[in-house]
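Heads up, the thing below is written out as structure tokens.
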Amino acid sequence: MDHSSLQGRLSDKQVSELSTHLVQVEKRLDTAISPVKARRRCDTEVPPELSTLVRRLYSQYSIDNQFNTAQKITSDHNQRVVDKFVADIQARKVYTDEHTIRVAVKKYFGTKCRANKSPSQEELKKKRSNARRIKLFERRSKWVKPDEMNQWKELSYHYMSDEESDRESGNGGFIVHRLTWRSPVLTTLCHMLDQRAEDSKKDTAHRSKASEKRTVGTPSIRRPPRNAPRWALDEATSSAALPSDHEDFASHSETDIDHDQDSATSTSC
């Protein structure tokens, strides 16, 4: 069956729809990155002025003409946005190379995708936990005596226990998750530094209140950092051979815990 006889059997609407579909297929085939095109795109240098122009134009576009970052760049909607960029920029007669314009627009699409990606609850929890450990380590570092400094310099915030907000109890305090692998020597040193900080406060009522806000939670499942000093590990962990590719505990779950048998109302560990 030839093309003319096929066209005679189709309505004008069907012919129009097929033509539109073919145009979209051609665009997608053109967008598909072969190894040669991939190298070419990577090698394409986008002038800073062009990147600035892309950002400025995008800020002027209506919502209908902005990217849908939930879809791929090859989606019909996003391809229409790319085509609009190409037409608008070429109309200015400053940048006319279509390939360079498309590379600039696609790079900006990637920027928008990263900016619009909201962190998960687990990621937010990890960041908050890291921030608390860093603050705890810095606070303790202020109270280290000269004869303790050599040992303390071998440590980092990774050796501090985690604290998470105790919202469920309604007390507004923190649950301390203590590290199962930390040695009694290091735990004692941490307690000593905390006590020095507490003793420096003149307001004893405030000091007592601060202690009551921390309760001990479940033990930690987090492993020790790579190349941890032996004295900082408990006997069982120190005698065990850690794998060579062992990860720092910062890369593990942020709901970590210490195993010390201290009071549930003690200060952070």
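The values are calculated or read from the model by the stated rules, or taken from the named source; none is laboratory data. Remember, it's a predicted structure, so these values are computed and weren't measured experimentally. Using ideal geometry, Cβ is built from the backbone for each residue, glycine included, and neighbour counts are taken over all protein chains shown. Only protein heavy atoms, including side chains, enter the accessible area calculation; ligands, DNA and RNA are left aside. Shrake-Rupley method; radii C 1.70, N 1.55, O 1.52, S 1.80 Å.
Given the conditions (1) in contact (Cβ under 8 Å) with a residue 24 or more places away in the chain; (2) over 33 Å from the mean Cα position of the chain (by Cα), and given that Gln90 satisfies all but one, which numbered condition is not satisfied?
Failed condition: (1).
Which of the residues belonging to segment 128-144 are open to solvent by less than 60 Å² (accessible area, probe 1.4 Å) and outside any helix (DSSP H, G or I)?
The one that is open to solvent by less than 60 Å² (accessible area, probe 1.4 Å) and outside any helix (DSSP H, G or I): Val144.
Just checking, how many residues over segment 198-235 are at pLDDT below 90, of a type in the set (A, V, I, L, M), in contact with a Ser or Thr (Cβ under 9 Å, 6 or more places away or on another chain) and assigned to a helix (DSSP H, G or I)?
1
Looking for something closer than 23 Å to Val23 by Cα and assigned to a loop (DSSP other than H, G, I, E, B) - is there at least one such residue anywhere in segment 111-125? Outline the logic, then answer.
In the first step, residues of segment 111-125 are kept if they are closer than 23 Å to Val23 by Cα; the result is none.
Looking through segment 111-125, none of the residues is closer than 23 Å to Val23 by Cα and assigned to a loop (DSSP other than H, G, I, E, B).
Which of the helices (runs of 4 or more DSSP H) contained wholly in segment 1-70 include at least 1 residues that are modelled with pLDDT under 90 and closer than 17 Å to Ala87 by Cα? Give the steps one after another, and end with the answer.
Working: elements: 3-9, 12-31, 35-43, 48-60.
In segment 1-70, the matching helices (runs of 4 or more DSSP H) lie at 12-31.
Quickly run through segment 71-86 and pick out the residues that are in a helix (DSSP H, G or I) and open to solvent by 60 Å² or more (accessible area, probe 1.4 Å). Show your work before the answer.
Taking segment 71-86 as the starting set, the residues that turn out to be in a helix (DSSP H, G or I) are 76-86.
Correct list: Arg80, Lys84.
Among the residues of segment 145-166 satisfying the criterion of being at pLDDT below 90 and either assigned to a helix (DSSP H, G or I) or of a type in the set (Ser, Thr, Tyr) (or both), which is farthest from Pro224 (Cα to Cα)?
Start the filter on segment 145-166 by keeping residues that are at pLDDT below 90, which leaves 161-166.
Right, trim to either assigned to a helix (DSSP H, G or I) or of a type in the set (Ser, Thr, Tyr) (or both) and you get 161, 165.
Working: Ser161: 11, Ser165: 23 Å.
By that ranking, first place goes to Ser165.
Taking His177 and the conditions (1) modelled with pLDDT of 80 or more; (2) more than 25 Å from Lys126 (Cα to Cα); (3) not small (Gly, Ala, Ser), which numbered condition does it fall short on, given that it satisfies the others?
Answer for His177: the failing condition is (2).
Any idea which of (1) part of a helix (DSSP H, G or I); (2) of a type in the set (Ser, Thr, Tyr); (3) surrounded by 14 or more Cβ atoms within 10 Å (Cβ to Cβ) is the one Tyr95 doesn't satisfy?
Here Tyr95 meets the rest and fails (1).
What residue, of Ser118, Ser169, is surrounded by fewer than 11 Cβ atoms within 10 Å (Cβ to Cβ), at pLDDT below 85 and over 27 Å from the mean Cα position of the chain (by Cα)? Steps first, answer last, please.
Details: Ser118 fails: over 27 Å from the mean Cα position of the chain (by Cα).
Criteria check complete, one pass: Ser169.
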